[in-house]
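Working notes, beginning with the structure itself.
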Amino acid sequence: MSDSTSPSARASTGRGSLRTAGRAVLVLLLVVVGVWAGGTVLHDPQLDLPAGRERVVFWHFWGGAERDVVRQVVDRFNRSQSRYHVEEVPVPGQNLDMKFYMSLAGGDAPDLLNQDDQVVAQWAARGVLTPLRELTESDAEYRELQGWLSPSAARIGEWNGELYALCNAIDIRAMLYRADVLQGQPPPVTIEEFTQLAMVESETPDRIRYVPDDRRLWAWGVAFGGSFYDEQTRTVTANDPRIVAALEWMTSFTKFHGVEAIRAFRSINREAGAGSMLLDGRYGLMMDGQWRVPELDAALKSTASAGSVAATAGIGRYAVGPLPSPAGGRERAGWVNGNFFVVPLGANCPRGAWEFMKFWSGFGGNEREAALTAASGGWIPASPAVIRQPVFQKLLGEHPQFRTFVELAASENQLPTPATPVQAYFYERVNRAAEESLTLQKSPQQALDEATREIQQRLDAALKSQAGQ
């Protein structure tokens, strides 16, 4: 790539590939057209465009209060310069990826998307994303971006050693503990200490101190020292002995409490949110993300100001700690995901999309704006340079437990779902294996052996298909 080639020119070279991708998904368009019918109008080409500006159509999944934050960011960007005008379009529901491919087939793809599903690698492998190298001004700027991102943020956006997505917010999981469970002690560090604390008899059917969720094998498997995938040999290793050991440990909670007791507990608390369950003691501890901290702090503050502390007396100043690990495991480890921007290959305004991506994420001298965005949304920034900004440090001062999540985001042991052409299937199939074990339908070894074989078969077929293109 020549440094003198403009980002817009480089991005436009993919239009032929886009037409190929469009033909490839035409069958999908015909099959799922009913999903589109009666759906959201994704953008209005007749919308007034300020004179002299280029339109940037931006799809995202946020709604409610978070959409208000998105609108604020878009408004700040539009007022900060006079060349581009971002039009934000919420695309709610579970079919954003399907609608994206349908827009490609119809020749009406957005300029920019923000997603949080496990799709970067498989979208990149299908040739429908613009590599970030082609959006940057030069190779030097691209290398600067690589060094600017935290390790976990970079991994979220990578495929085959190249960045195809720009992470703008990181999601980290840690353990949250009620004060009455810890009884003045610090959060446990070893898995043995944790088990002693967490595996206790339940006094009533609506309370269980801790019960693992099937989606958390991704985190516990990493903490136990396991690896789900060998990138060098393209071998699925979801049945790594250390991941099997993690699932055996998780399943020991089912055996301790009993399948029916756990089902009854979840049925009783079906309508309750995880935060409220920790507050009122139905959970004594749980694994959750940084978004829970402002919620808990607000609830505790509200309860205290109302003069009624009985319901939350036990949680007090709750504690947050990294996932405990066994001997030979990884410290400060877990599963990471996050929000990220991608630019479709052949986008109408890739340069404008790139400028908005930088404004939101903080790259290219936009750290202060990014810190304001992250603080408004309660998100972990993708770069230490944004975290250091005073406005984000103010958030950490207001919510001290948030800091643990931010520190964990810098750990090399926070790993995302493996970047493969079957990334989404990989994620869901491992979750299903964990569920089969946690409900005692299959042993951990059997469940993970079967999942490993099926994921490998799907991966081999995808790689073979790519090789034949």
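Among all stretches of the chain without exposed trypsin sites (Lys or Arg not before Pro) (DSSP loop, at most 14 other Cβ atoms within 10 Å), which one is longest?
84-233
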Using 7 Å Cα-to-Cβ label points, what is the residue 160/residue 466 separation (nm, one decimal)? 0.6
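Using a Förster distance of 51 Å, how high is the FRET efficiency between residue 233 and residue 298, based on the Cβ-Cβ distance and rounded to 0.05?
On the way: r = 48 Å, r/R0 = 0.94.
Computed FRET efficiency for residue 233 and residue 298 comes out at 0.60.
Working out 0.36 nm times the residue gap between residue 263 and residue 439, then minus their Cα-Cα distance, what length gain in nm do you get to one decimal? Present the calculation step by step, with values, prior to reporting the outcome.
Values: separation 176, 0.36 × 176 = 63.36 nm, distance 0.93 nm.
Roughly 62.4 nm would be gained on extension.
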Does region 345-425 classify as rounded, prolate or oblate by the C-alpha gyration tensor (a ≥ b ≥ c root eigenvalues; a/c under 1.5 gives rounded; else a/b over b/c gives prolate, otherwise oblate)? oblate
Alpha-carbon centroids, region 275-291 and region 447-469: separation in whole Å: 37
Whole-number percent relative contact order across the chain, with pairs defined as alpha carbons under 8 Å at least 6 apart: 25
The size of the Cβ-based charge dipole (Lys, Arg +1; Asp, Glu -1) of the chain about the Cα centre, to the nearest 20 debye, is 320
Any chance you could check the Cα centroid distance between region 183-201 and region 379-434 for me, in angstrom? 24
Using only the Cα atoms of region 114-164, build the gyration tensor, take square roots of its eigenvalues as a ≥ b ≥ c, and label the shape rounded, prolate or oblate: rounded if a/c is under 1.5, else prolate if a/b is larger than b/c, else oblate. oblate
Taking the Cα centroid of region 239-269 and of region 211-232, what is the distance between the two, rounded to the nearest whole Å? 15
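Can you classify region 378-469 as rounded, prolate or oblate using the Cα gyration tensor, where a ≥ b ≥ c are the square roots of its eigenvalues, rounded means a/c under 1.5, and otherwise it's prolate if a/b beats b/c and oblate if not? Don't jump to the answer; show the numbers that get you there.
Numbers: a/c = 4.38, a/b = 1.82, b/c = 2.40.
It is oblate, given that a/c is not under 1.5 and a/b is not larger than b/c.
Run lengths n ≥ 4 of DSSP H only: what is the helix-derived mean residue ellipticity at 222 nm for the chain, with -39500 (n - 2.57) per run over all residues, to the nearest 500? Could the numbers behind the result be given before it?
Values: 22 runs with 226 residues, N = 469.
Helix contribution divided over all residues of the chain: -14500 deg cm²/dmol.
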How do 249, 335, 360 rank when sorted from fewest to most other Cβ atoms within 10 Å of their own Cβ? 249, 335, 360
Identify which of the listed values of P(r) over Cα pairs in 20 Å bins from 0, in percent was calculated from the structure shown: (i) 24, 46, 24, 6, 0; (ii) 22, 50, 24, 4, 0; (iii) 22, 54, 22, 1. (iii)
Calculate the spin-label point distance for residue 49 paired with residue 215, positioning each point 7 Å from the Cα along the beta-carbon direction, and give it in nanometres. 3.8
Mark the label point 7 Å from the Cα of residue 331 along Cα→Cβ and return the residues of region 176-205 whose backbone N is within less than 13 Å of it. 189-190
Based on other C-beta atoms within 10 Å, arrange 260, 295, 369 from fewest to most. 260, 295, 369
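Any idea what the dipole of region 110-168 comes to, in debye rounded to 20, about its Cα centre with Lys/Arg Cβ at +1 and Asp/Glu Cβ at -1? Could you put the intermediate results ahead of the total?
Numbers: 4 positive and 10 negative charges, 42 e Å.
Roughly 200 debye for region 110-168.
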Ordered by fewest other Cβ atoms within 10 Å, a rough proxy for footprinting exposure, 49, 323 read 49, 323
So for the pair residue 140, residue 204, with labels modelled 7 Å out along Cα→Cβ, what separation do we get in nm? 6.7
Interchain or long-range residues, amide H under 5 Å from residue 112's placed H: 57, 59
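All of the numbers you see were taken from the coordinates with simple rules; none came from a lab. If you're wondering where the values come from, they're calculated on a predicted model, not measured in any experiment. Every residue, glycine as well, gets a Cβ built from its backbone with ideal geometry; the counts of neighbours run over all protein chains shown.
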